[in-house]
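Enquirer: Supplied in structure tokens, the structure appears directly below.
The values are calculated or read from the model by the stated rules, or taken from the named source; none is laboratory data. These numbers were taken from a predicted model, which means no experiment stands behind them. Note: ideal-geometry Cβ built from the backbone for every residue, glycine included; neighbour counts use all protein chains shown. Areas reflect the complete protein model, heavy atoms only, side chains present, ligands, DNA and RNA absent. Shrake-Rupley method; radii C 1.70, N 1.55, O 1.52, S 1.80 Å.
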Amino acid sequence: MSQMQEELRQKAKELLEKGEVRYIIGWGKGRFHHRPPIFIYQAEDVDKLVWDEYCVANLGKYLLDDKFPEGKIGICVRGCDSRAVVRLVQDKQVKREDVCLIGLPCTGKVDQEGRELVKCRDCMHRNPPVYDIVLGEPVEEKGNPDRFKRVEELEKLSSDEKYEYWSNVFDKCIRCYACRNVCPACNCRECFVDQYRVGWQGKQKNCMQNQIFGLTRAYHIADRCIECGECERVCPVGLPLMELNRKLIKDLNSLFGPYEAGVNPDVKPPLGEYRLEDPEEYM
Amino acid sequence: MSLEEQKQVPENWEPTILAFCCNWCTYAGADLAGLNRMKYPENVRILRVPCSSRVNPQFILRAFQKGVDGVLVAGCHPGDCHYVSGNYFTRRRFLLMQRFLEYNGIDPRRFQARWISGAEAGKFRDTMLQLCEEIKELGPNRKLREVK
Amino acid sequence: MSECTCHENPLVPQVCVITDIKKETPDVKTFRVSTRDGKKPFTPMPGQLGMFSILPVGEAMFSITAQGEDYLDFAIKKTGQLTDALHEAEIGQEVGLRGPYGNTFPVEDCKGHDLLFIGGGIGLAPVRSFIRYALEHRGDYGDIDIVYGARSPEDLCFKEDLMENWPKEKNTKVHVTVDQDLSGEWKGSVGFVPAYLESLNFSPEGRKVVLCGPPIMIKFCLQTLAKCGFKDSEVITTLEMRMKCGIGKCGRCNIGSKYVCLDGPVFTMEELSHLPNEY
Amino acid sequence: MQFKKSDLPKILDSMAKEATVLAPMKVKGNSKFAPWGTEGELDFGAQNVLLPPKDCLFPQTEKMYRFETDGLKVNDFEVINESRPTVLFGLKGCDMQSILCMDDVFLTKGYVDDFYKKKRDDLLTVCINCTTVAKECFCDSMGGSPNGHAAADIQLYDLGESYQVKAQTEKGQKAVDSWQQYCNKDEGEIKEIACELKVDMDGVPEKLAGMFEHPIWEEISRKCVGCGICTFLCPTCYCFDIDTTKDGAEGTKFRCWDSCMFSEYTRMAGGHNPRPSKKERVRNRFLHKLEYFKERYDKNLCVGCGRCVAKCPVNLDITSFIDQVKEVASHE
């Protein structure tokens, strides 16, 4: 791992000195085991860049803060970050030529006690699908055999049990909107939550409002979710949000053919297109 | 409200059903049904939309939130949509939405979609009658409903 | 700061009635409010604010532009969700009102000084409360100059005050300008307030300035006043901020450690220079 | 005076007869102050309870008054302000200090917030000292201490298999008298501990006063995600919004938590927003915690509970910020 860190620092110094990129987004040293995102402008600061098993945060969404950059932006991308950038490029939020992707094959991240993170256990693209530069050798993909196991378990419940389960989940939500703010697929100019004049979403916290927020958000990103698992990681009360997203992905795969968001930039999200021979249930 | 309380049904309860009708086909079908004096239950409220694909999933969630018991999205048959491809998107979107609502505990019969063209006044009335029967049998919907 | 006299719970308004609505300009109306039994809801000092609520829609803080024996006047411009609903209200509509909130114009230590009131568009509303107070206590104050500007002639607020009442007062001069005049019959001066203010060239000795208007106007007026030699402590302004509770609890209207609804809205430029420039 | 840990459930049951007893519990995987009796187990662990106790004094959504309009008329407002005697059991030193901060805000400076006052008068606080300390805790650098708090009604000291009781107010004394049958007279020896994470706070508020235009804000706010985790988990964040639920002619005015980190927090009707971007909002939050509150109420608004340090998705934590402020040369 530290050999890759040296390579990364070397490559970052080179890019910055040659002026190919104006700044590089990576991970830096924070308090305890934290590796928060860091923005390196000067070549001599590259030693602040860190690459180890604690670099967890998804960097893709920071490109939205600098939508009209003067120079290129360098960004370290593991599998999930690279898919996040593809997501933003497909959503026309970021231009592909404005970013220089430094690919880093990732072997999965751990939390402070060294246990592998849920989102890395379920990760299906440890090698960045899209990159400009790649460091180190590709890692072998382990796939995710029980990707929809939890969803299938929930589907077996009766409708009252399902409603009971999801009401209990959303009763814990404190409406901090961290899931929306870290999600690369959640990149609307003005989110329905902030349209206070239209009044979609009340400000009061009760189970029903939380549920409406959770379901609407999940449905809005149904076919664009890249399964990076950030929403589940950052949720302070630990809501199983990926089970909502995975259900939608499972249905999309069964209805309109297998599809993985953010892997291939030319394949469009399924809800944005149609085929004449789609399944027909409404005759 | 606990699940048992949700079960008892107030007597002579009438379901409220919201029907999103596409302006070019289904709304015309409803108009035709009216012209031919076809009777369909009055607790269906029709909401005219330019195309069935104008219906946003948020409208449906908000309908259940505000106390509607059943939602119907009706549009033109695939192929003769006034905007060429509107109902293809509708089809994809609401196939997914129905399964998603079912996954969250809402009975799928409470949310349905139909293709009803401008000439099928009979089909419009039958759909409304059938929908009303099903929802009446299901009882009032208390899931996702705003508690006063 | 007079104690709020309405409900014993400061966040709960009292029910009042709109007794009269006067259309000042296409987007500004003056609402006259008094309690159900015709009395004045509370007695504010000049510059204080009232929390006005149209019940199903919401609540917002407005300056009290005038007061009489049994009424309070609010001049409100149509800009948001609440003000849209307010502009559809009719006479007899019952509303919620609580207040008075905020501090007041320094009426005491302005005594014996000449006063220069500068207003921009709806900014004249809070300043007008002090002008009326000064005219009621005419003897305490030196000569009064009122410089007021608006986008166009029909956007001038309180026209009858500007044109008839105030010029008749003892050595009180009114200078009105408009940004641009399409109709052609406007005889007064045309141009922005800061430029107009510079042409009038007021001398700073013994004169205090009361200034309120859109942020852009305040910025340029301050530069002009500085050029004319006015010290920061002589320039008084009243600020607009998003306020929700009005009693210094909800933490929303803070500039630095000061709450605009409690320690403001009236500040001298000298006080503002000590606060972070975030308003 | 002491009582055995095994008698604790009995004591809680006796108190629960005439008051709602809120104890730190793990309920369905969620660590919060829950009423005694909900299934879940007591949790006096090192890591402080995740959801702060402020919810019981200043609920996340609190109905204020109901109104009804018919045509132009409005009926008199029906204020909703019911509150029951409550016991906050198992408070740690930092949470107790946060209640004092909230008291200053809601009960002083010219206006008394009735909703808060009623709940506060009905409250009995039972503080407990910390036996182990989480690595994020830094309360003793912010003026607090893990070994208890003087302002609590009752202070418990953990002695291994029993708790030593010390009533600190007459309200506390009255409650302790009702525990007599479980208590015996001997005194145990109390172990004192300190926090691992240290922060040097002196001189920071004064230095921050001159740092409004400092480039440090741009740097640290760059990684901020703009969510509400830090403000909703913070025991001393008291910003609230007032809104209405409408149902035809009736409606209820309620107040709910709001976060200065949200984008529309200071957006005015005309569109002007004094704090348009993350930089201003992060700056305002840190300055409010460390400087503005001290200037206004002469208390640190940060009590060092470490919840934001633990839960911030990008580790934008106040302790690293304080260290950076110390390094900033004072003349800059």
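Enquirer: Given D:THR231, D:THR245, D:THR266, which one is in contact with a Pro (Cβ under 6 Å, 6 or more places away or on another chain) and either part of a helix (DSSP H, G or I) or within 11 Å of chain C (Cβ to nearest Cβ) (or both)?
Expert: D:THR266
Enquirer: Within the range B:49-100, how many residues are more than 25 Å from B:GLU134 (Cα to Cα), facing another protein chain (nearest Cβ under 10 Å), outside any helix (DSSP H, G or I) and open to solvent by less than 30 Å² (accessible area, probe 1.4 Å)?
Expert: Selection size over the range B:49-100: 1.
Enquirer: Can you name every one of the strands (runs of 3 or more DSSP E) wholly within the range C:1-89 that holds 2 or more residues which are facing chain D (nearest Cβ under 9 Å)?
Expert: The qualifying strands (runs of 3 or more DSSP E) are C:14-25, C:58-67.
Enquirer: Take A:TYR196 and decide whether it is part of a loop (DSSP other than H, G, I, E, B) and surrounded by fewer than 19 Cβ atoms within 10 Å (Cβ to Cβ).
Expert: yes
Enquirer: I've got another one for you. C:SER129 passes all but one of (1) within 14 Å of chain D (Cβ to nearest Cβ); (2) crowded, with 20+ Cβ neighbours inside 10 Å; (3) of a type in the set (Ser, Thr, Tyr); which number fails?
Expert: Every condition holds for C:SER129 apart from (1).
Enquirer: Here's something else I'd like to know. Return the residue satisfying two criteria in turn: it lies in the range D:269-289 and is more than 10 Å from chain C (Cβ to nearest Cβ) and not charged (D, E, K, R), and of such residues it is nearest to D:PHE115 (Cα to Cα).
Expert: Within the range D:269-289, the match that is nearest to D:PHE115 (Cα to Cα) is D:PHE286.
Enquirer: Do you know which residues across the range C:112-135 are over 18 Å from C:GLY191 (Cα atoms) and assigned to a helix (DSSP H, G or I)?
Expert: Result: C:ALA125, C:PRO126, C:VAL127, C:ARG128, C:SER129, C:PHE130, C:ILE131, C:ARG132, C:TYR133, C:ALA134, C:LEU135.
Enquirer: Within the range A:202-232, restricting attention to residues that are polar (S, T, N, Q), surrounded by fewer than 22 Cβ atoms within 10 Å (Cβ to Cβ) and more than 8 Å from chain D (Cβ to nearest Cβ), which residue is farthest from A:ARG87 (Cα to Cα)?
Expert: Applying the filter and picking the extreme gives A:GLN209.
Enquirer: When both residues are 6+ apart or on different chains and their Cβ atoms are under 9 Å apart, which pairs have a first residue that lies in the range A:141-155 and is outside the structural domain of A:LEU248 (by TED's automatic domain parsing) and within 14 Å of A:GLU227 (Cβ to Cβ), and a second that is open to solvent by 80 Å² or more (accessible area, probe 1.4 Å) and outside any loop (DSSP other than H, G, I, E, B)?
Expert: So the pair list comes out as A:ASN144/A:ARG121.
Enquirer: Would you please name the residue that is surrounded by the most Cβ atoms within 10 Å (Cβ to Cβ), looking only at residues in the range A:233-261 that are within 13 Å of chain B (Cβ to nearest Cβ), over 30 Å from D:VAL27 (Cα atoms) and within 17 Å of the chain's Cα centre (by Cα)?
Expert: A:ILE249
Enquirer: State which residue is nearest to D:ASP55 (Cα to Cα) when the search covers only the range D:251-263 and only residues that are at the interface with chain C (Cβ under 9 Å from one of its Cβ atoms) and over 23 Å from the mean Cα position of the chain (by Cα).
Expert: D:LYS253
Enquirer: Identify the residue in the range D:205-221 that is free of Cβ contacts under 8 Å to residues at least 12 places away in the same chain and part of a loop (DSSP other than H, G, I, E, B) and, among all such residues, is nearest to the chain's Cα centre (by Cα).
Expert: Filtering first and then ranking leaves D:GLY210.
Enquirer: Please state which one of D:THR131, D:THR125 is more than 14 Å from every other protein chain (Cβ to nearest Cβ), in contact (Cβ under 8 Å) with a residue 24 or more places away in the chain and over 17 Å from the mean Cα position of the chain (by Cα).
Expert: The conditions single out D:THR131.
Enquirer: Next question, about the same structure. In the range A:262-283, which residues are part of a loop (DSSP other than H, G, I, E, B), hydrophobic (A, V, I, L, M, F, W, C) and within 7 Å of chain B (Cβ to nearest Cβ)?
Expert: Of everything in the range A:262-283, just one residue is part of a loop (DSSP other than H, G, I, E, B), hydrophobic (A, V, I, L, M, F, W, C) and within 7 Å of chain B (Cβ to nearest Cβ), namely A:MET283.
Enquirer: Please go through the range C:90-115 and give me each residue that is of a type in the set (Lys, Arg) and away from every other protein chain (no Cβ under 13 Å), ordered by number.
Expert: Result: C:LYS111, single match.
Enquirer: If you check C:VAL147, C:VAL178, C:VAL190, C:VAL209, which single one turns out to be at pLDDT 90 or above, under 18 Å from C:GLY120 (Cα atoms) and more than 18 Å from the chain's Cα centre (by Cα)?
Expert: Of the residues listed, the single one that is at pLDDT 90 or above, under 18 Å from C:GLY120 (Cα atoms) and more than 18 Å from the chain's Cα centre (by Cα) is C:VAL178.
Enquirer: D:GLN47 - would you say it is surrounded by fewer than 17 Cβ atoms within 10 Å (Cβ to Cβ) and either in contact with a Phe, Trp or Tyr (Cβ under 8 Å, 6 or more places away or on another chain) or within 29 Å of D:ALA134 (Cβ to Cβ) (or both)?
Expert: Criteria met by D:GLN47.
Enquirer: Scan A:LEU135, A:LEU101 and give me the residue that is closer than 21 Å to A:GLN3 by Cα and either free of Cβ contacts under 8 Å to residues at least 60 places away in the same chain or of a type in the set (Asp, Glu) (or both).
Expert: A:LEU101
Enquirer: Could you look through the range A:262-280, keep only residues that are open to solvent by 90 Å² or more (accessible area, probe 1.4 Å) and without any contact (Cβ under 8 Å) to a residue 24 or more places away in the chain, and pick out the one that is nearest to A:ARG224 (Cα to Cα)?
Expert: Step by step, filter the range A:262-280, then rank; the result is A:ASP266.
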